[in-house]
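The values are calculated or read from the model by the stated rules, or taken from the named source; none is laboratory data. No experiment lies behind these values; they were computed from the predicted model shown. Methodologically, a virtual Cβ is constructed for each residue, glycine included, from the backbone with ideal geometry; neighbour enumeration extends over all protein chains shown. All accessible areas refer to the heavy atoms of the entire protein, side chains included, with ligands and DNA or RNA removed. Shrake-Rupley method; radii C 1.70, N 1.55, O 1.52, S 1.80 Å.
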Amino acid sequence: MNTVVELENVSVYYGNVQALFNISLKITEKDFLGIIGPNGSGKSTLLKLIAGLVKPSSGIVRVLGKPPFHTHGKIGYVPQRFNLNREFPFSVIEAVLTGRLTKHSLFLHRYTEVDFSAVEDIMYKLEIHNLKDRQIGKLSGGQMQRALIARALVMEPEILLLDEPTASLDAGSKSHIYSILKDLNQYMTIIMVSHDMGVISSYVKSLACLNVTMFYHGAPELTDTLLGQVYGCPVELIAHGVPHRILPQHREEDYD
Ligand SMILES: Nc1ncnc2c1ncn2[C@@H]1O[C@H](COP(=O)(O)OP(=O)(O)OP(=O)(O)O)[C@@H](O)[C@H]1O
Ligand SMILES: [Mg+2]
């Protein structure tokens, strides 16, 4: 399997805040990597490094064999938050269409029929087609999250980065999104931050546990001891017992 993302001894500082320390990581083609870790542990920073939005303070990042800056149009990125002025004068369909700009030249691109039909298809798939003429800044949290996923998918990226993509979604929409991701994973590498361990255990192919350094990267199976180390507290104290759900056996009684 080809390595599509490679980090070598990467550290990131924001001023004197150390967000990541000495991370080395290889991600292979068509992996579905789940990233977990407590708040402030550097998960979003790791995705931003791969997306080329944050530069390493030291170490090397290579995406598809190149510095991330040179991978324009091949990386789809769904941010954790999207701070948008509620009056921002774009409709939902116009916002999703901007995903096509990164596929072509950023400048002087006129949308073609192919662009429009790709956008319409993806909006139907994510069940936001009925919202296409609404103002993007006025969508609800879950509607906005689906619009951001649509925008990343119309790029037809080789690597899809998702930062807690289903945090605002209701249960039905979550499983819908995950079934879409599972399909996409047949030809796309997916790297996803999520606190949803039930989902992590059933969908991902590999798992990374991050808390400034990389505590674990491997099969999606974990022990209490490791989780205690990553989260810095006994597993019982971790938010509502959630990490229990990725113990090796996935026993029924682990689900509360
Ligand atoms: N632009 C920034 N300027 C300064 N500090 C930052 C910046 N972005 C992140 N940080 C800090 O870097 C650390 C890692 O942040 P990051 O957003 O990567 O964490 P996270 O694991 O995604 O957290 P969460 O689960 O809350 O989303 C935090 O201490 C955060 O305060
Ligand atoms: Mg984050």
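Details
- Among residues of region 203-231, those that are in a strand (DSSP E or B) and either touching a residue at least 40 places away in the same chain (Cβ under 8 Å) or crowded, with 16+ Cβ neighbours inside 10 Å (or both), counted: 11
- Taking region 129-158 as the range and being aliphatic (A, V, I, L, M), over 21 Å from Ile191 (Cα atoms) and modelled with pLDDT under 95 as the test, the residues that pass are Ile136, Leu139.
- Within region 75-101, residues that are more than 11 Å from Gln135 (Cβ to Cβ) sit with their Cβ atoms under 7 Å from residues that are of a type in the set (Phe, Trp, Tyr) and in a loop (DSSP other than H, G, I, E, B), at 6+ positions apart or across chains, in these pairs: Leu97/Tyr111; Arg100/Tyr111.
- Residues of region 146-179 satisfying the condition of being in contact with a Gly (Cβ under 7 Å, 6 or more places away or on another chain), surrounded by fewer than 20 Cβ atoms within 10 Å (Cβ to Cβ) and under 15 Å from Lys125 (Cα atoms): Ser173
- Members of region 124-140 that are closer than 12 Å to Ile177 by Cβ and open to solvent by less than 10 Å² (accessible area, probe 1.4 Å): Leu126, Ile128
- Qualifying residue in region 44-67 (condition: over 15 Å from the mean Cα position of the chain (by Cα) and within 30 Å of Glu113 (Cα to Cα)): yes
- Of the set (1) part of a loop (DSSP other than H, G, I, E, B); (2) modelled with pLDDT of 95 or more; (3) open to solvent by 60 Å² or more (accessible area, probe 1.4 Å), all apply to Arg110 but (2).
- Subset of region 180-200 that is open to solvent by 10 Å² or more (accessible area, probe 1.4 Å) and modelled with pLDDT under 90 - its residue that is farthest from the chain's Cα centre (by Cα): Gly198
- Gln143 vs. criteria away from ligand 1 (no atom under 15 Å from the Cβ), open to solvent by 10 Å² or more (accessible area, probe 1.4 Å) and in the same structural domain as Gly34 (by TED's automatic domain parsing): no
- Residue within region 146-168 that is over 22 Å from Ile50 (Cβ atoms), assigned by TED's automatic domain parsing to the domain that holds Ile191 and touching a helix residue (DSSP H, G or I) at 6+ places or on another chain (Cβ under 8 Å) present: yes
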